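Everything below concerns the one structure shown next.
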Amino acid sequence: MAARTRAKPSKGGRGKAPVKAVGRRRSGQSAYATVHDLLIRRESIGVGLALLALLAVPWLVPFTSGLADARNRFVATFGLLIFAWIGLLIYAGWLVIRGEQARLWQDWKPWAIGLLSGLFLLGFFGLFNPAWSLGDVSLADHTAGGDLGGRIVGNPFGVLAWLLIGVVAFAVTWPDGAATIARNAPSATRTAWGWHIPSRVAHGARTAFEFVFPTRPQPQGSAKMPIDSVMWARSAGATAEVDDDEDDVEPAPAPVQAPLFPDLEHAPDDEDGDGTPGVTTDARGNRRSRDGWQLPAMDILADRAPAADGAADNAQRASLIEETLASFGVDARVVQINEGPTVTQFGIEPGWEIKTRTVIERDKDGKPIIDKDGTQKTRVEEVSRTRVRVQQITSLANDMALALAAPSIRIEAPVPGKPVLGIEVPNTSKSLVTLRSVVQSPQFQRQAAKSKLSVALGQSVAGEPIVADLAKMPHLLIAGATGSGKSVCMNSIISCILMHASPAEVRMVMIDPKRVELSAFAAIPHLAFSNIVVDMDKVVGTLQAVIHEMESRYRKFAAIAVRNIDGYNRSPRATDKLPYWIVIIDELADLMMAAPFEVERQLCRLAQLARATGIHLVVATQRPSVDVITGLIKANFPTRIAFAVSSQIDSRTILDMGGAEKLLGRGDMLYMAPDAAKPRRLQGVFVSDEEIERLVGFWTQERFADIDRPVFDNLYEEAKLELEMEGASDDMLERATELAREHNRISTSLLQRRLRIGYPRAARLMDLLEQHGVVGPAEGGGSREVVRPDDDRPTLHHDPEELRF
């Protein structure tokens, strides 16, 4: 009974509808309708696409000759690209079977990439006629790209169109890489042009021709000046004429070494007219200074560092910044993204604060307008519009750091020269900035053509190379905590100068209290003194010797009525050309602890007066406190570099503002230029120990050993004698004697504090007191016993300052 109830519908269409029996064949449906339903199902279409792809495979035998002819025509048209069509049909069939056919049309970019790439491959394959057969078609009669590929590259206009298609395909597939190549194309062109490929090819051909067909005999001897005389005649600007022909110069002792002075190519005169020597390239491709010294090749430095992997998605981070600001009610948008080696700067443009009100709409009689629902019509009117304040964005720095999962962010408000705020977010992976990448940049090449004291500092947050001129700083103060990159920065400055300046142009005075930081440069010929100064007792004498050189240069300037070193070197009345001096002090804190008064006085005097004489200071310290970087030192060092420090107080000590405490370390710095109102964030260049070793090895080769280089140790001896005479003056000795009579025991530190002198001078006074019988010999402690008659009693037994400790 139940079965009959389910099978019969109710009469008149009333009552419940019949329920279909599960597993029962439909009544009243023909076999044609059943087959039609199966054919129009989605799965059937997908299977059909897959079968069509299989029938297109050249080596499968089709069922009918008609399909074979169609397949052969398809292969003859597209060649090897038939396999791309087969793969596309299989992929489309698979998506249709899974019900995901919408993925085929949701984005235009894959279709554009596929079409452009397919046309480019067709043209590429159209260049070849291999002896292959695909099914019944021989590619030797057509091309590997079929008839279509042969037509694309069959004429010059087609080849140009094919190349244009390849460029467009690359730009659509990899837009960031295409933009990078477009930006670097001018510099790469200039670099390739600077290789002088035509002149090198011509020189090689000429050399090979002269080797096979010699046209002149080899020189048997020369009566010219020796090499050292040639060197210093050029460096000093002597009036004697020197022949630069390589046939008139004695060959080098070692056959594997190039001669010191091969023929120099004609180089243009100095465009600025300041007389600064530049770097030229000889006929053999060697880099040389204008005075004849051979300079190190660029191959000594490491090549460009590889790009960092795992870069963050900047577009996603920009969206996070906008969403975070919007969640706090701040309207702002990211208008530019500058990706640097260490951080990425997001340019934020503040939006508007809009105040509105709701107004009831009224008719001309002033009565409210009622809509069809019986409610009053209203409209929203804008009351005021004001810009979002900068402080509203800067106060959300920690919230944005949380949203970006960054350890810290730095906000530069505003970015100098741009109407945006810069939010600097650390990159997930840092890129290494090599010295060679900055030295080979056009910015450095232009600067190096003007000054021998050009230094490569690093790259900005936008990846732009940053260079500076030490002669215009004119002195540099570097500070940062241990491990922040301070020593690497000093090594890069020294290495950069060694790459472009000869000992006749630049001399260095190195003071290294830690004994190990600058020891790698102990053998270079650029040192003004014989050795690097590492003993604290010699520091004051060394600085005094530099002061003597400064005073001597001023006397020379006054004799020929010039104002600075550039005018002196250009003057025809100058007897010799003066090199620049760079005084490099690695750790200022140790010097200030040993002799604070003498060191501060000497550094300030050099900083105030030495610029015109070509003497410049580079001072570094890892303890940026007010007792090390005093007010006088800061006032005379306008150019400063701050690496990562531990507190905002240290940052204010260096830069007079905060910010250095948020740096990431490992070369991340803030560079305060002398003409800038705000510091600039850079990633400093890196110089490895292997690069320094190769660079020092070049300057210590045997071919430079016989060249006489002046050493200024006599200045140190004169300064030491002067300081000894000053320490032995009657007035100071008398004061020290009176001070000793007031105590039972006296120490060198007591003489320093009470007489306000440095440690070297106080130690010399203590020795003089011992010679005069005022104090006894050293007993191994910090103080000595005062020798006095029995009836002589001290008026004060202890120093009140010592009692406090």
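The values are calculated or read from the model by the stated rules, or taken from the named source; none is laboratory data. Owing to the predicted nature of the structure, the values given are computational and were not obtained by experimental measurement. Cβ coordinates were reconstructed from backbone atoms using ideal geometry, including for glycine residues, and neighbour counts include every protein chain displayed. What goes into the accessible areas is simple: the full protein's heavy atoms, side chains included, and nothing from ligands, DNA or RNA. Shrake-Rupley method; radii C 1.70, N 1.55, O 1.52, S 1.80 Å.
Quick notes on this structure:
- The accessible area of residue 378, taken with all protein chains in place and a 1.4 Å probe, comes to roughly 80 Å².
- Cα centroid separation, segment 498-517 to segment 312-340 (Å): 46 Å
- For residue 537 and residue 72, the difference between the fully extended length at 0.36 nm per residue and the C-alpha to C-alpha distance is 158.0 nm.
- Carbon/sulfur fraction of accessible area - segment 335-450, other protein chains in place, 1.4 Å, %: 49 percent
- Accessible area, probe 1.4 Å, largest first, for residues 669, 657: 657, 669
- For residue 371, the accessible surface of its heavy atoms amounts to roughly 50 Å² (probe 1.4 Å, protein chains only, rounded to the nearest 10).
- Dipole-positive endmost among 545, 527, 456 within segment 452-566 (Cβ charges, Cα centre): 545
- Per residue, the accessible area of segment 533-668 comes to 39 Å² when a 1.4 Å probe rolls over the protein heavy atoms.
- Efficiency of FRET from Cβ geometry, residue 171 and residue 297, R₀ 45 Å, rounded to 0.05: 0.80
- The relative contact order of segment 382-433, computed from alpha carbon pairs under 8 Å that lie at least 6 residues apart in sequence, is 24 percent.
- Here each label is just a point 7 Å from Cα along the line to Cβ, and for residue 718 and residue 111 those points are 8.6 nm apart.
- Estimated FRET transfer efficiency when R0 is 22 angstrom, pair residue 646-residue 514 (beta carbons, to 0.05): 0.65
- Protection proxy ranking, highest mean first, for peptides 644-651, 350-357, 92-99: 644-651, 92-99, 350-357, where packing is the per-residue count of other beta-carbon atoms within 10 Å, averaged.
- Top positive-direction residue, dipole computed over segment 361-444 with Cβ charges, set 397, 422, 432: 432
- Each Lys and Arg adds +1 at its Cβ and each Asp and Glu adds -1 at its Cβ; summed about the Cα centre, segment 665-724 shows a dipole of about 700 debye.
- Relative contact order of segment 417-486: 22 percent, from C-alpha pairs under 8 Å at least 6 residues apart in sequence.
- Inter-label distance for residue 385 and residue 753, nm, one decimal - labels placed 7 Å from Cα along Cα-to-Cβ: 7.0 nm
- Mean separation of Cα contacts under 8 Å, 6 or more apart, over the residue count of segment 70-149: relative contact order %: 43 percent
- Multiplying the residue separation of residue 405 and residue 161 by 0.36 nm and subtracting their alpha-carbon distance yields 83.1 nm.
- With a Förster radius of 30 Å applied to the beta-carbon distance between residue 333 and residue 98, the computed FRET efficiency rounds to 0.15.
- Once the chain from residue 701 to residue 355 is taken as fully extended at 0.36 nm per residue, the excess over their C-alpha distance is 117.0 nm.
- Shown for segment 644-702: the carbon plus sulfur share of the solvent-accessible area, taken with all protein chains present and a 1.4 angstrom probe, equals 47%.
- Note on residue 530 and residue 767: their simple-model spin labels are 1.8 nm apart, each label 7 Å out from Cα toward Cβ.
- Segment 358-428, accessible area per residue, ligands and nucleic acids excluded (1.4 Å, Å²): 66 Å²
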